[in-house]
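Report on the following structure.
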Amino acid sequence: MNADIKTLIGEATAYDKKQQLEVKRPKSWLKSVSAFANGEGGTLVFGISDDDHVVGLADAEGDAERISEEIKTKLDPIPAVNLEFKEVDGKKLVLLHVY
C-alpha cells in the first residue's frame, strides 16, 4: 500500500494518527490495531499531530522495532501487519498497515 500521506490526513475509519509512539502507554495505540484487525483493516500513522501536521519521529527505525515487539507480545492472536517507512517534507513517519 503506497498511499499519499496528504490524502490520508483527516480522521476516517480506515486510518488513525499518532504524534509519537507512546512507549509507556502502548494500550493507547494497540486498541486501534486490534480494532482494525477485527474490522476491515486500516493504517496507523505515527508522526502526525492531532491538528494534522507532519511532525515526524526522532527514531523511526527504533519506534518500528518497538511497535513490532509490542504487537507480538501483547496481542493474541497476532494480527497480520506491515510496517512502512515514509518520508514527508524531510520528516520520517512509520505507517502500520493492519489487515
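The values are calculated or read from the model by the stated rules, or taken from the named source; none is laboratory data. Because the structure is a prediction, the values reported are computed rather than measured. Here Cβ is always computed from backbone atoms with ideal geometry, including for glycine, and neighbour counts include all displayed protein chains.
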Counting only residues that are on the phi < 0 side of the Ramachandran plot and in a loop (DSSP other than H, G, I, E, B), which one in the stretch 76-91 is surrounded by the most Cβ atoms within 10 Å (Cβ to Cβ)?
PRO79
Condition first: more than 14 Å from LEU96 (Cα to Cα), among the small types (Gly, Ala, Ser), exposed (fewer than 15 other Cβ atoms within 10 Å of the Cβ) and at pLDDT 90 or above. Can you find one or more residues in the stretch 23-42 that meet it?
yes
Counting just the residues of the stretch 1-22 that are modelled with pLDDT of 60 or more and within 13 Å of LEU95 (Cβ to Cβ), which one comes out farthest from the chain's Cα centre (by Cα)?
ASP4
Show the residue pairs that are 6+ apart or on different chains and have beta-carbon atoms under 6 Å apart, the first residue being within the stretch 50-72 and more than 18 Å from ASN82 (Cβ to Cβ), the second being loosely packed, with under 12 Cβ neighbours inside 10 Å and not aromatic (Phe, Trp, Tyr).
VAL54/ASP89
